[in-house]
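J.: Dumping the structure here so I can ask a few things about it.
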Amino acid sequence: MIKLIVTDLDNTLLDKDGRVREDSISLIEEAADRGIVFAVATGRSFASAKAIAMKFASDIPVICYNGAQIKMPVSGEIVYESIVDEKLQDAIIDFAIKHELYVQVYDNDEIVVEELDLKAHPDPDLKFTGYRETHGMEALKGIKTPKILLATSPKLVPAIQNELENEYGDIAYFAQSE
């Protein structure tokens, strides 16, 4: 018996225009009527995922920030949350400064960047949440964040990810998105 269905958002539940198809909504609500829990999982922020989850009739769990937070969109209840360790965050930001990477952290769903650069990272979260600029990378340290996003040229990603995993892989998880 199926008890839980979890799906990613981008290129899975969402169509190429970023919308949930009506037939998908109907099938998911039918599953809920049968007692099957449906959840969405994404690397996106809660604010972004919530906008999609609110299309469903029931309060479905939203797994966001690559699993660092599980939150209920209607009640706002945080089921689970993991914040990046402050020393690790400082080290990753120092790494980003050294390698001239674009860095983004999240402060209560608000995107925080040194300076917004849509060419470096055209973030779909910006449709659902605000951002603030710090005008200095050091100011990104100390923000309690569930996720740190680093962006660079696609051809540099494997080497950067490998270096990060070699240095911090025993205490952090590094995922690559599109």
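J.: Take LEU118 and decide whether it is without any contact (Cβ under 8 Å) to a residue 24 or more places away in the chain and among the hydrophobic types (A, V, I, L, M, F, W, C).
T.: yes
J.: May I ask you to verify whether SER45 is of a type outside the set (Lys, Arg) and more than 15 Å from the chain's Cα centre (by Cα)? Quick ask: steps written out before the conclusion?
T.: Details: of a type outside the set (Lys, Arg): yes; more than 15 Å from the chain's Cα centre (by Cα): no.
Here the answer is no, as SER45 does not meet what is asked.
J.: Ok, one more. Please enumerate the residues belonging to the range 28-50 that are open to solvent by 40 Å² or more (accessible area, probe 1.4 Å) and under 16 Å from LYS127 (Cβ atoms).
T.: LYS50
J.: Can you name every residue in the range 64-84 that is within 21 Å of LEU150 (Cβ to Cβ), touching a strand residue (DSSP E or B) at 6+ places or on another chain (Cβ under 8 Å) and among the β-branched types (Val, Ile, Thr)?
T.: Within the range 64-84, just VAL84 meets the criteria.
J.: Do you know which of the residues in the range 122-160 that are polar (S, T, N, Q) and at pLDDT below 95 is farthest from ASP85 (Cα to Cα)?
T.: SER153
J.: Within the range 104-153, can you find the residues that are surrounded by 15 or more Cβ atoms within 10 Å (Cβ to Cβ) and of a type in the set (S, T, N, Q)?
T.: Those that are surrounded by 15 or more Cβ atoms within 10 Å (Cβ to Cβ) and of a type in the set (S, T, N, Q): GLN104, THR129, THR134, THR145, THR152.
J.: Further question: Can you name the condition, by its number, that GLY76 falls short on among (1) within 29 Å of LYS141 (Cβ to Cβ); (2) open to solvent by 40 Å² or more (accessible area, probe 1.4 Å); (3) more than 14 Å from the chain's Cα centre (by Cα)?
T.: The number of the failed condition is (2).
J.: Only one of these conditions is not met by LYS119: (1) modelled with pLDDT under 95; (2) closer than 28 Å to GLY169 by Cβ; (3) basic (Lys, Arg); (4) more than 18 Å from the chain's Cα centre (by Cα). Which number is it?
T.: LYS119 satisfies every listed condition except (2).
J.: Identify, by number, the condition in (1) open to solvent by less than 70 Å² (accessible area, probe 1.4 Å); (2) under 23 Å from PHE174 (Cα atoms); (3) aliphatic (A, V, I, L, M) that ILE25 doesn't meet.
T.: (2)
J.: Quick check on this structure: which one of ILE160, ILE143 is within 21 Å of ALA68 (Cβ to Cβ) and in contact (Cβ under 8 Å) with a residue 60 or more places away in the chain?
T.: Just one listed residue meets the conditions, ILE160.
J.: OK, next. Considering the range 39-87 alone, what residues qualify as being modelled with pLDDT of 90 or more and of a type in the set (Phe, Trp, Tyr)?
T.: Across the range 39-87, the qualifying residues are PHE46, TYR65, TYR80.
J.: Can we say GLU81 is within 30 Å of GLU29 (Cα to Cα) and without any contact (Cβ under 8 Å) to a residue 12 or more places away in the chain?
T.: Against the criterion (within 30 Å of GLU29 (Cα to Cα) and without any contact (Cβ under 8 Å) to a residue 12 or more places away in the chain), GLU81 does not qualify.
J.: How many residues are in contact with a helix residue (DSSP H, G or I) (Cβ under 8 Å, 6 or more places away or on another chain) and in a loop (DSSP other than H, G, I, E, B) when one looks only at the range 123-142?
T.: Going through the range 123-142 one residue at a time, the tally reaches 5.
The values are calculated or read from the model by the stated rules, or taken from the named source; none is laboratory data. The shown structure was predicted, so the numbers you read here are calculated from the model rather than taken from an experiment. So basically every Cβ, Gly included, is an ideal-geometry build from the backbone, and we count neighbours across all protein chains shown. Calculation scope for accessible area: heavy atoms of the full protein, side chains included, ligands and nucleic acids excluded. Shrake-Rupley method; radii C 1.70, N 1.55, O 1.52, S 1.80 Å.
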